[in-house]
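Below is one structure, written out as structure tokens, with a few remarks after it.
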Amino acid sequence: MKKQRVAILGSGVGAITAAWALTNLPNARDRFDITLYTLGWRLGGKGASGRNADFGQRIEEHGLHIWMGFYDNAFRAMQECYRELNRPPTCPVRSWTDAFVQHDNMVLYEFSNGHWRDWLINVPRLPGTPGAAREPHEIRDLFEALLRWMHDVMTGPMHEPAVVSLLDKWRDSGRPGWVKSELAAIEDWVRGRGAHEPSHVAWLMNDLHAAVDKAANLAEDSAEHFASLLGCLESFLKKLEQLAHDFIEAHEDIRRLWVLMDLAVAVARGMIKDGVLWHGFDRISGVDFRQWIHNHGASQEAKASSVVRTMYDLCFAYEDGELDRPNMDAAVFLRTIMLMGFTYRGSFMYRLAAGMGDVVFGPYYEALKTRGVKFEFFQRVTKLGLSDDRHTVATINIDRQVSLKAGVTDYQPFVDVKGLPCWPSTPQFDQIEGGEALKASGQNLESSWCTWPVAESRVLEVGRDFDQVILGISLGALKGICGELIDASPAWKKMCDQVLTVETQGVQLWLKASLADLGWTGPPTVAGTY
């Protein structure tokens, strides 16, 4: 059987995992001849990182990279990759557990009452390992998890200070009907010392208890069942608002408790009223998430909260990068936040033990080479040409950015950092023809504005150089190289016109002072919402 020649264009997450998936297929070596073409001297796209030899092999990368504990596909592939590599004992990153470090806290920043305030959130660890096989997540299970989470927030240790504080404020305010003995019993119960639930806690929590019970029995699709469930949630929220209303502005812990519950009820209300439970998340696609929760009763405080804002920031979900133009599809937001919050295993998030290039794309490169994939560095794709019938890609125009020196037949991309193969932050100039001049010029071969003269322009032809092409180049570059495809396909044109991108900038500050010296007294953390 003749091998299929596959050209993979680009080297970001999409391109690399496409190569991994192809080579995972049965008899892949006999079926495919794969060549990956990448701009510049390294793999990774936005996930690329490099080591700066001028500063002690300092890690330099495009942004903060965190893997969430629900990234099952990504972790599964990484686990396979590290098993295949079987690195020697001398390597500082031998296994995926060396590469990814469990992380259980984050701090969100809020601008409240004229001040920036930090909200440190500790997330409990859950059983299991990300990447292990499991059944697909049902939307109704996620909905039930949302209500159980609400219950845990109100009764669990994580938000105990807020609940106790709320009760303290009520006691000190002299509200009628709240006797001291009852308040003491409530505090004992919240702190886990009381055996029986006090009546006023029952008054607040009974509706939430009932909603959780109803969510566990969603096989009943009757309108009455869901109306009753929603009524319980709205009654709970109304009672909580009665308790918290006068204290929200003055007390951060109470305000945050209220925001979490207000958001959760708005989401539950929307999932029921808009039919998400029956028809899936895409039922609410096409509307911005903030607008969607507004439509379902979320307060202005909840819409503007750091909990919501962090997701927009994480995904750069602002048109043209303008903060007053937030735009994140409600279906994407809700699906992501529910999977993120309710389906993680182990830790909520995992920090990388080194740069993304060091612990993700370096291992992929080594393992894929062993699997027979060929890598062509310094290749800039400039155009995809279509066949005469406009139905297939017939040509790929590529500029070879540099020529390798005589005797260098295969570019060696790595530098060794304490036994770990790493990408450098600049090309290996000693392997490049005219490398010293390129280095002196300061030109960046990964930049769209690079003016370094190309070594060669060539055209790859279907049937001669490739049989199939996988386009792994990111969306922002497609208008420049896929003009013929966009003109020939209304669907492609619509995608390129309507799926927007945001130009981002990254800054790293390397400081000699400790966290304590800088004024941070908590644990090392991940911060968001500036």
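The values are calculated or read from the model by the stated rules, or taken from the named source; none is laboratory data. Keep in mind that this is a model prediction, so the values were computed, not measured. Don't worry about glycine lacking a Cβ; one is built from the backbone with ideal geometry, like all the others, and counts go over all protein chains shown. All accessible areas refer to the heavy atoms of the entire protein, side chains included, with ligands and DNA or RNA removed. Shrake-Rupley method; radii C 1.70, N 1.55, O 1.52, S 1.80 Å.
If you go through the stretch 494-521 and pick out every residue that is free of Cβ contacts under 8 Å to residues at least 24 places away in the same chain, open to solvent by 100 Å² or more (accessible area, probe 1.4 Å) and not aliphatic (A, V, I, L, M), you end up with 6.
Just name the residue that is farthest from G528 (Cα to Cα) out of those in the stretch 289-325 that are open to solvent by 30 Å² or more (accessible area, probe 1.4 Å) and not in a helix (DSSP H, G or I).
Applying the first criterion (open to solvent by 30 Å² or more (accessible area, probe 1.4 Å)) to the stretch 289-325 yields 290-291, 294-295, 297, 300-301, 303-304, 307, 309-310, 313-316, 319-325.
In the following step, the residues that additionally are not in a helix (DSSP H, G or I) were identified as 297, 304, 315-316, 322-325.
On the way: G297: 26, A304: 14, C315: 12, F316: 12, E322: 17, L323: 15, D324: 18, R325: 19 Å.
Among residues in the stretch 289-325 that are open to solvent by 30 Å² or more (accessible area, probe 1.4 Å) and not in a helix (DSSP H, G or I), the one farthest from G528 (Cα to Cα) is G297.
A single entry from E80, E110, E60 fulfils the requirement of being outside any strand (DSSP E or B) and farther than 30 Å from V462 by Cβ: E80. What do you reckon, is R458 within 25 Å of V402 (Cα to Cα), among the basic types (K, R) and either open to solvent by less than 80 Å² (accessible area, probe 1.4 Å) or at pLDDT below 95 (or both)? In short, yes.
Every residue, every condition in (1) under 30 Å from Y365 (Cα atoms); (2) without any contact (Cβ under 8 Å) to a residue 12 or more places away in the chain, yes or no:
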| site | (1), (2) |
| --- | --- |
| H65 | yes, no |
| G69 | yes, no |
| M78 | yes, no |
| Y82 | yes, no |
| R87 | yes, yes |
| P92 | yes, no |
| H115 | no, yes |
| P127 | no, no |
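Condition check: out of contact with any Asp or Glu (no Cβ under 6 Å at 6 or more places or on another chain), more than 20 Å from M271 (Cβ to Cβ) and either at pLDDT 95 or above or of a type in the set (A, V, I, L, M) (or both). Does A304 satisfy that? Considered against the rule, which asks whether it is out of contact with any Asp or Glu (no Cβ under 6 Å at 6 or more places or on another chain), more than 20 Å from M271 (Cβ to Cβ) and either at pLDDT 95 or above or of a type in the set (A, V, I, L, M) (or both), A304 comes out as yes. Taking the criterion of being surrounded by fewer than 18 Cβ atoms within 10 Å (Cβ to Cβ) and aliphatic (A, V, I, L, M), the only residue of the stretch 326-338 that qualifies is V332. Please work out if R94 is open to solvent by 80 Å² or more (accessible area, probe 1.4 Å), within 30 Å of L420 (Cβ to Cβ) and not in a strand (DSSP E or B). Yes: the conditions hold for R94. Being of a type in the set (A, V, I, L, M), without any contact (Cβ under 8 Å) to a residue 60 or more places away in the chain, surrounded by 13 or more Cβ atoms within 10 Å (Cβ to Cβ) and in contact with a Phe, Trp or Tyr (Cβ under 7 Å, 6 or more places away or on another chain) is a description that does not apply to L478.
Taking the listed residues F348, F377, the one that is under 16 Å from the mean Cα position of the chain (by Cα) and surrounded by 20 or more Cβ atoms within 10 Å (Cβ to Cβ) is F348, with no other qualifying. Looking across the stretch 412-450 at every residue that is among the small types (G, A, S) and open to solvent by less than 50 Å² (accessible area, probe 1.4 Å), the one that is nearest to G47 (Cα to Cα) is identified as S425.
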